[in-house]
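Each remark here refers to the structure printed beneath this line.
The values are calculated or read from the model by the stated rules, or taken from the named source; none is laboratory data. What you see is a predicted model, and the numbers here were worked out from it, not measured in a lab. When we count neighbours, we look across all protein chains shown, and the Cβ atoms used for this are built from the backbone with ideal geometry, even at glycine. Just the protein is used for accessible areas: all its heavy atoms, side chains included, with ligands, DNA and RNA removed. Shrake-Rupley method; radii C 1.70, N 1.55, O 1.52, S 1.80 Å.
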Amino acid sequence: MDALRIEGGYPLRGTAHVSPAKNAVLPLMAAALLAPGESRLSRVPNLADVRTLSKLLGHLGARIAREGSSLRIDAADPAGREAPYDLVKTMRASVLVLGPLVARFGQARVSLPGGCAIGARPINLHLKGLEAMGAEVRLEHGYVDVRADRLQGARLVLDLVTVTGTENLVMAAALAKGTTVIENAAREPEVVDLIECLNSMGARIQGAGTAFLEIQGVDALRPYDYEPIPDRIEAGTLLVAAALCGGELKVEGARINHLDALVQKLREAGAEVEDDGGRGAWARGRPPARSVDARTSPYPGFPTDMQAQFMALMALGRGLSVVTETIFENRFMHVSELNRMGADIQAEGARAVVRGVRRLSGARVMATDLRASAALVLAGLAAEGTTVVSRVYHLDRGYESLETKLNGVGAKIERIKE
Ligand code: EPZ
């Protein structure tokens, strides 16, 4: 298994480029199932999760071809309707094929994703919405079987904000008969990106970016030719790296307006963060950071996917910071690993109290989930001595060679075999 060996203590200087967003690419790939013919998604990052979903789409009978950085997905007449356990268990986002399959073919059989490191992560709201649209949902042997001759438009009020739940239901409603309203919809930029792509396919969806979506179902959609938005979480991770290590960093391709809540927190913590003339974001870190509290919430609030990385910054803060995780019930797996590096963090329930320390010391630590592994890399950049982060397959799910980008701006990271 791969690990990353990090020599800490170097400031970051230069320009790092942001890849397209994993959490936009995955629903966009699933959306190709909605249209007969070949869709083309450009600038698709080379990520483990993209490879997993490509495998699943292939299993369903779509023809996938990589063409440079583009992905061609021909869903003219896929015969498969089942997303098997061995694929879904490795990536929860596989459930995104549910809406498209039921909407276009009237049937889908998807393995229940099961929990993961950060929480139970059920899909009850996805299923409740499909039922409200007339689908028959049956749970058996760990699979969910969903059937509908033709989905009917409905008024859906989501109990809580769910990103892939909103995405699944929007894709289902796009081909339903009649109009669907979704209240309490997710407002994430990745949801907006999906809606814009669906509208380019002939869908008729209004309200993107708001909690109130109106989808007028159409009889058919056409394939897309689309480019995903940049990855705001990768960009945020790089901005936190600059705040933590000091130095000056340009994050090329970042859309700073997708990161308002994080940028505000980084400024409160003493970093300078500005728009880089439309080309991306610019940050100057002045460690040690001021300790500030953070509380995750659905977009446009502070992103849960930035919580672990921000905690790494607060670990070296000048005072006391309270970090509250309101989205997932177990997203503090990085706390014990950060404490092994000399951090002083007490996690209790949804709250972690972070007492800033003067120094972190390099140690052997273990990644447990995608964003926790990013936090450990960041901590290693600022720690004294050598840090080895094991199980970096977690990192590779969502970052396209993060160490290459960081080494390009002065970090000292080596990928090793363990
Ligand atoms: C998406 O996951 C992202 N993944 C996650 O990013 C992100 O952390 C999350 O949204 C929150 O922003 C993708 O977009 C592929 P949710 P998703 O449904 O859609 C509960 C990363 O690091 N819930 O918005 O699975 C759920 O348990 C990943 O890139 C239900 O109870 O998250 C959670 O507590 C990690 N029932 C909360 O809602 C449901 O039917 C938010 O989950 C659905 C969700």
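When the residues of the range 68-101 are narrowed to those that are modelled with pLDDT of 95 or more and of a type in the set (D, E, K, R), which ends up nearest to LEU41 (Cα to Cα)?
Of everything passing the filter in the range 68-101, ARG72 is nearest to LEU41 (Cα to Cα).
Before we move on, is LEU194 among the aliphatic types (A, V, I, L, M), part of a loop (DSSP other than H, G, I, E, B) and within 16 Å of the ligand (Cβ to nearest atom)?
Criteria not met by LEU194.
How many residues are farther than 23 Å from THR296 by Cβ and open to solvent by 10 Å² or more (accessible area, probe 1.4 Å) if we restrict to the range 367-385?
The total comes to 2.
If I ask for residues that are assigned to a strand (DSSP E or B) and within 16 Å of the ligand (Cβ to nearest atom), which ones from the range 8-24 would you list?
PRO20
Count, please, the residues in the range 160-191 that happen to be among the acidic types (Asp, Glu) and not in a helix (DSSP H, G or I).
Qualifying residue count for the region: 2.
List pairs: first residue in the range 42-61 and more than 17 Å from TYR226 (Cβ to Cβ), second residue among the aromatic types (Phe, Trp, Tyr) and part of a helix (DSSP H, G or I) anywhere in the structure, Cβ distance under 8 angstrom, at least six positions apart or on different chains.
ALA48/TYR393
Which residue out of ARG267, ARG318, ARG284 is over 22 Å from LEU395 (Cβ atoms), more than 16 Å from the ligand (Cβ to nearest atom), part of a helix (DSSP H, G or I) and not acidic (Asp, Glu)?
Just one listed residue meets the conditions, ARG267.
On the given criteria, is ILE182 farther than 18 Å from GLY217 by Cα and free of Cβ contacts under 8 Å to residues at least 60 places away in the same chain?
Taking the combined requirement at face value, the residue does not satisfy it.
More than 21 Å from the chain's Cα centre (by Cα) and within 11 Å of the ligand (Cβ to nearest atom) - does that describe any residue in the range 119-127?
Checked against the condition, which is being more than 21 Å from the chain's Cα centre (by Cα) and within 11 Å of the ligand (Cβ to nearest atom), the range 119-127 yields at least one hit.
Looking at the range 342-353, I want the residues that are at positive phi and have a partner that is open to solvent by 60 Å² or more (accessible area, probe 1.4 Å) with Cβ atoms under 8 Å, at least 6 apart or on another chain. Which pairs are those?
Pairs found: GLY342/ARG359.
Enumerate the pairs (first residue in the range 228-242 and open to solvent by less than 10 Å² (accessible area, probe 1.4 Å); second residue anywhere and part of a helix (DSSP H, G or I) and of a type in the set (Phe, Trp, Tyr)) with beta-carbon separation below 8 Å, excluding pairs fewer than 6 apart on the same chain, so at least 6 apart or on different chains.
Listed pairs, sorted by first residue: VAL240/PHE310.
Output the helices (runs of 4 or more DSSP H) that fall wholly within the range 40-145 and possess 2 or more residues being at negative phi and among the polar types (S, T, N, Q), or say none.
By residue number, 48-59.
From the list GLY142, GLY153, pick out the single residue that is open to solvent by 10 Å² or more (accessible area, probe 1.4 Å), within 22 Å of GLN216 (Cα to Cα), more than 16 Å from the ligand (Cβ to nearest atom) and small (Gly, Ala, Ser).
None of the others qualify; the one that does is GLY153.
Residue pairs, Cβ under 6 Å, 6 or more apart or interchain, first in the range 82-100 and closer than 16 Å to LEU28 by Cβ, second acidic (Asp, Glu). List them.
Listed by first residue and then by second, the contacts come to MET91/ASP49.
Filter the range 167-188 down to the residues that are over 22 Å from ARG147 (Cβ atoms) and within 14 Å of the ligand (Cβ to nearest atom), then identify the one that is most open to solvent (accessible area, probe 1.4 Å).
ARG187
Write out, first by first residue and then by second, each pair whose Cβ atoms fall under 6 Å of each other, whose residues are 6+ apart or on separate chains, and whose first residue, in the range 126-150, is farther than 19 Å from ARG104 by Cβ while the second is within 13 Å of the ligand (Cβ to nearest atom) and at pLDDT below 95.
GLY142/LEU112
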